[in-house]
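The structure under discussion appears below in the form of structure tokens.
The values are calculated or read from the model by the stated rules, or taken from the named source; none is laboratory data. Values in this document were obtained by computation on a predicted structure and should not be read as measured data. Positions of Cβ are backbone-derived with ideal geometry, glycine not excepted, and every protein chain shown enters the neighbour counts.
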Amino acid sequence: MEHNFKMSFYTKELSAIRKKGLLRERKIYSEELIDLASNDYLGISHINEPFEYTVSQLRAYHQFSPKASMLVNGYHQVHRDFEEYLARVHMFQRAITVGSGFLANLGLIESLIRGGDELFMDSEYHASGVVATRILKKRQVHIFQHNSMKKLRELLQNSKAKRKIIAVEGIYSMSGDIVPKDVFDIADEFNAILIVDEAHSFGVLGDSLMGVFDYYNIQPQPNHIKMGTLGKAVGSYGAYILASDEIISFLENRAKPIIYSTAPSLFDTLLAHFSIEYIFESILHFGKDIAERRELFNRRLGLDKKGLIFPIQMGSSEEVIRARDRILRNGFLVGAIRPPTVERPMLRVIARRDISLIDFKRFLEFIPESI
Ligand SMILES: Cc1ncc(COP(=O)(O)O)c(C=O)c1O
């Protein structure tokens, strides 16, 4: 049978995207480049020990894939051990592993905001959370100005919601800003549930590198939910949610990305478990490396970031691509981030722990002093 389906709509939209200089394409970059673009903050994805240990331990199980959803028979001892470990070290009642951070945010927001509840989300919250808000009714969703605790408070004061749920990130993925400590007090004051996405703060922030709770010295409470990803500082793939017994049980019963998705990969879960143990064994050494890089970038760029994400604002999408390409020709890979991901085009530089200060100083020579 002949297909006469016309692709003209997509082609038109694609050419409009191309014209604006916003066309995205996947590329495989040379391993020779110095990587200042990835979220491998600690360089764990190049460290042998957790990987080798994972391979040897997984052999003992004689089962290498989860085979089903965790709510059928895909839940494995590997998941349980990891969850118990996470709950213990983070001092939460319980944990649940999830296939990815995207699924974790989708599951949290889709399931926890019931009829009559309202969500209060920072305007820089990750796309996975934003997509999930489309499942809710418009009147249930309030987006507050990035990091404005004043706006958040005003919205909460005016809300008549049955339950209030606040969603913030520990360190925001694009601006690299840290969430203000006040958000914890505000959540308590308004009896709200607080979701903290620690995708970019776990492994880089706090005396024990455990993220924003650690940095601000916050003891987890039943209204706190902490989400972490495994594909960034942990050097694996997947995610986890830490919360009270009640909330984890609720997610097991209502969060569709948990119920209707194959359980997280056994290899990746075990790798994450050993990588996190490795990170904790290396706190002093990693902490010192992080502090040196943070200080160098903040000083040179006139910023005050608490993590390892450094945004360098540019005037236009074309300018950001030109700058990225020039830097690339000199052997460094950085992210060129453009609308709609961010409002203003920017280079996103990750000051990875495993890259030498000498290389960073060489890199910074390509950034004009005026920035
Ligand atoms: C803040 C934030 N949350 C969630 C995610 C999604 O996590 P994952 O890559 O594990 O799907 C990301 C990025 O990937 C992120 O930057």
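Okay, here's what the table says:
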| item | result |
| --- | --- |
| In the stretch 91-129, residue surrounded by the most Cβ atoms within 10 Å (Cβ to Cβ) [restricted to those that are assigned to a helix (DSSP H, G or I) and among the small types (Gly, Ala, Ser)] | 104 |
| Residue pairs meeting the criteria (Cβ under 9 Å; at least 6 apart or on separate chains; first more than 15 Å from residue 88 (Cβ to Cβ), in the stretch 239-253; second basic (Lys, Arg) and within 16 Å of the ligand (Cβ to nearest atom)) | 241/226 |
| Members of the stretch 35-60 found to be of a type in the set (A, V, I, L, M, F, W, C), outside any helix (DSSP H, G or I) and within 22 Å of the chain's Cα centre (by Cα), listed by number | 36, 37, 42, 47 |
| Answer residue from the stretch 226-237, given it is within 19 Å of residue 80 (Cα to Cα) and crowded, with 24+ Cβ neighbours inside 10 Å and is farthest from the ligand (Cβ to nearest atom) among those | 226 |
| For residue 200: the one exception among (1) within 16 Å of the ligand (Cβ to nearest atom); (2) assigned to a strand (DSSP E or B); (3) surrounded by 24 or more Cβ atoms within 10 Å (Cβ to Cβ) | (2) |
| Any hit, the stretch 217-225, residues being crowded, with 23+ Cβ neighbours inside 10 Å and modelled with pLDDT of 95 or more | yes |
| Residue in the stretch 74-90 that is within 12 Å of the ligand (Cβ to nearest atom) and either hydrophobic (A, V, I, L, M, F, W, C) or buried (at least 23 other Cβ atoms within 10 Å of the Cβ) (or both) present | no |
| Of the criteria (1) exposed (fewer than 15 other Cβ atoms within 10 Å of the Cβ); (2) outside the structural domain of residue 327 (by TED's automatic domain parsing); (3) more than 30 Å from residue 359 (Cα to Cα); (4) not aromatic (Phe, Trp, Tyr), which one residue 20 fails | (2) |
| Helices (runs of 4 or more DSSP H) wholly inside the stretch 279-371 containing at least 1 residues that are under 22 Å from the mean Cα position of the chain (by Cα) | 283-301 |
| Failed item in (1) at positive phi; (2) over 19 Å from the mean Cα position of the chain (by Cα), with residue 147 passing the rest | (2) |
